[in-house]
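Undergrad: Below: one structure in structure tokens.
None of the figures in this text is laboratory data; all of them are computed from the coordinates on show. All of these numbers come straight from a predicted model, not from anything done at the bench. Every residue, glycine among them, receives a Cβ derived from its backbone with ideal geometry; neighbour counts consider all protein chains shown.
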Amino acid sequence: MKAAVFSKPGIPLSIEEVADPEPGPDDLILKVKACGICGTDLHWSQGIDPSAGWRHLAPGSVMGHEFSGEIVELGKNTRGRFRSGERVVAQPFIGCGDCDACRAGRSYRCTVVTTRASADLTGAYAEYTRVGIAETLRLPDSASFHAGALVEPLAVGLNAVKRAGLQVGDPVLVIGAGPVGLSVALWCRFFGAHDVIVSDLVEERAGRSIEFGATAAIDAASEDVQARFKKIAGRPPAVVFDCVGLPGSLQLSIDQAPTDAHLVIVGLCMAKDTFFPAKAIVKELRITFAFVYSKSDFQFVIDMLGSERIPADALVTSVIGLDDFPHKFEALRSPGADLKVMLEPGFSS
């Protein structure tokens, strides 16, 4: 099969022929129908500090963890539970299925978890990918494959909002209008936040947040975010979400959070960062770090997509095929107006 293959930091991905994935007894093979480009992969492929708490990306790896597809092959233990041709999405890792974490639907915490872009599990920047039956969920006919590939980032936002302990009527500041930031804004409104205000250095991205539930947008490049927020909402935010994930964003979030606020760190920064603890201490901020999601979070997002209660497809701003993928992947390293770029392996422009 064709796949976008990583060689080393500083070298663009290359489209190569790699071995087709083979199913284990509890696995399914999917024909990838859509896979979103995630900022995590952009950072990861630049090279990371060995102490960052994130696995090194080895040469020959194939990334891609936001995907949907069609079942084309079934492991021997999966027959009767799924069938060929079904439309599905899957969490991007495979757990043992027997430990407490796996039974709780959090297989990413499994001590023997298999993660994508590893020697054992090819990611979905490819024509086909392998998934575990325990991590796989059916996609409703009413939801597009693009929407299915957005379940993962939408579930990241859902987990963050749940961990925020949001109260109905709370004013919220979301820093960063990328896909995860817009997902956070969407769920904040869904669960009853009153003022959901999104800031971003790219004015067009900030403005698009209105489509996803934000009540107002702030161009952080030209406006004082704190002053503008208070003018719009009449009060400071109760919860601040950092959805940037770059060095300096944690300090920025602390600076913009008011006294007694809850600061939720969602953006995944893989680089060493520094901040002034005294600023957070004096403000008596409560800081929560949010990572990913449970299987039930995935199912909740799928249910909302099936009932057409969330505007997922509007997140997709570009569609590309494998031949154009390396160029577009590199272009996304410079912030622009694109929200979610979607790979369709069979797409040709």
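Undergrad: Please order SER296, SER61 by the number of other Cβ within 10 Å, starting at the fewest.
TA: Values: SER296 13, SER61 24.
In order of increasing Cβ crowding within 10 Å: SER296, SER61.
Undergrad: Further, regarding this structure: For a quick check: sort CYS102, CYS269 by the number of other beta carbons within 10 angstrom, fewest at the front.
TA: Going from sparsest to densest Cβ surroundings: CYS269, CYS102.
Undergrad: With P(r) over Cα pairs in 10 Å bins from 0, in percent as the read-out, I listed (i) 6, 25, 34, 24, 9, 2, 0; (ii) 6, 28, 36, 24, 6, 0; (iii) 6, 27, 35, 21, 9, 3, 0; which label goes with the value calculated from this structure?
TA: Checking each listed value against the structure points to (i).
Undergrad: Placing +1 at every Lys and Arg Cβ and -1 at every Asp and Glu Cβ, with all other atoms neutral, what dipole size does the chain have around its Cα centre, in debye to the nearest 20? Don't skip to the end; give the middle numbers.
TA: Details: 34 positive and 42 negative charges, 164 e Å.
Dipole magnitude for the chain comes out near 780 debye.
Undergrad: Moving on. Quick check on the chain: of the DSSP beta bridges with both residues there, what percent are antiparallel, nearest 5%? Intermediate values should be presented prior to the final figure.
TA: Working: 29 of 55 bridges.
The answer is about 55 percent antiparallel.
Undergrad: How much length is gained if the chain between THR111 and PHE82 is pulled fully straight, taking 0.36 nm per residue apart and subtracting their Cα-Cα distance, in nm to one decimal?
TA: On the way: separation 29, 0.36 × 29 = 10.44 nm, distance 2.67 nm.
7.8 nm is the gain from fully extending THR111 to PHE82.
Undergrad: Need the list of lysines near LYS33 for cross-linking: C-alpha distance under 24 angstrom, and skip anything on the same chain fewer than eight residues off.
TA: LYS2, LYS76, LYS295, LYS328, LYS340
Undergrad: Across the stretch 157-289, how many lysine pairs, 8 or more apart or on two chains, come within less than 24 Å at their alpha-carbon atoms?
TA: Numbers: LYS162/LYS283; LYS230/LYS279; LYS230/LYS283; LYS231/LYS279; LYS231/LYS283; LYS272/LYS283.
Eligible lysine pairs with Cα atoms under 24 Å apart amount to 6.
Undergrad: Could I ask something else about it? If Rh is defined by the Kirkwood formula over all Cα pairs and Rg also comes from Cα, what ratio Rg/Rh do you get for the stretch 157-289? Show your work: numbers first, answer last.
TA: Values: Rg = 13.1 Å, Rh = 14.2 Å.
Radius of gyration relative to Kirkwood radius: 0.92.
Undergrad: Listing VAL225, VAL282, VAL301 from the residue with the fewest other Cβ atoms within 10 Å to the one with the most, what is the order? Can you show the working numbers first?
TA: Details: VAL225 18, VAL282 10, VAL301 29.
Fewest-to-most ranking of VAL225, VAL282, VAL301: VAL282, VAL225, VAL301.
Undergrad: Related question: Would you please state which residues of the stretch 8-52 a label at SER348 would reach in this model, taking the label point 7 Å out along Cα→Cβ and a backbone N cut-off of under 20 Å?
TA: 15-18, 32-35
Undergrad: Separate question: Stretch ASP26-PHE291 to full length: gain in nm at 0.36 nm per residue minus the Cα-Cα span? The partial results should precede the final answer.
TA: On the way: separation 265, 0.36 × 265 = 95.40 nm, distance 2.64 nm.
Gain on stretching ASP26 to PHE291: 92.8 nm.
Undergrad: At a Förster distance of 41 Å, what's the computed FRET efficiency of CYS96 paired with SER222, Cβ-Cβ distance as r, to 0.05? Working shown, then result.
TA: On the way: r = 51 Å, r/R0 = 1.24.
Efficiency for this residue pair is about 0.20.
Undergrad: Continuing with the same structure: Using +1 on the beta carbon of Lys and Arg, -1 on that of Asp and Glu, and nothing else charged, what's the dipole of the stretch 22-129 about the Cα centre, debye to 20?
TA: Working: 12 positive and 13 negative charges, 65 e Å.
Its charge dipole is roughly 320 debye.
Undergrad: Based solely on its DSSP helices, what 222 nm [θ] is calculated for the chain when runs of n ≥ 4 H residues each add -39,500 (n - 2.57) and the sum is averaged over all residues, nearest 500 deg cm²/dmol?
TA: Details: 11 runs with 89 residues, N = 349.
One gets -7000 deg cm²/dmol as the mean residue ellipticity at 222 nm.
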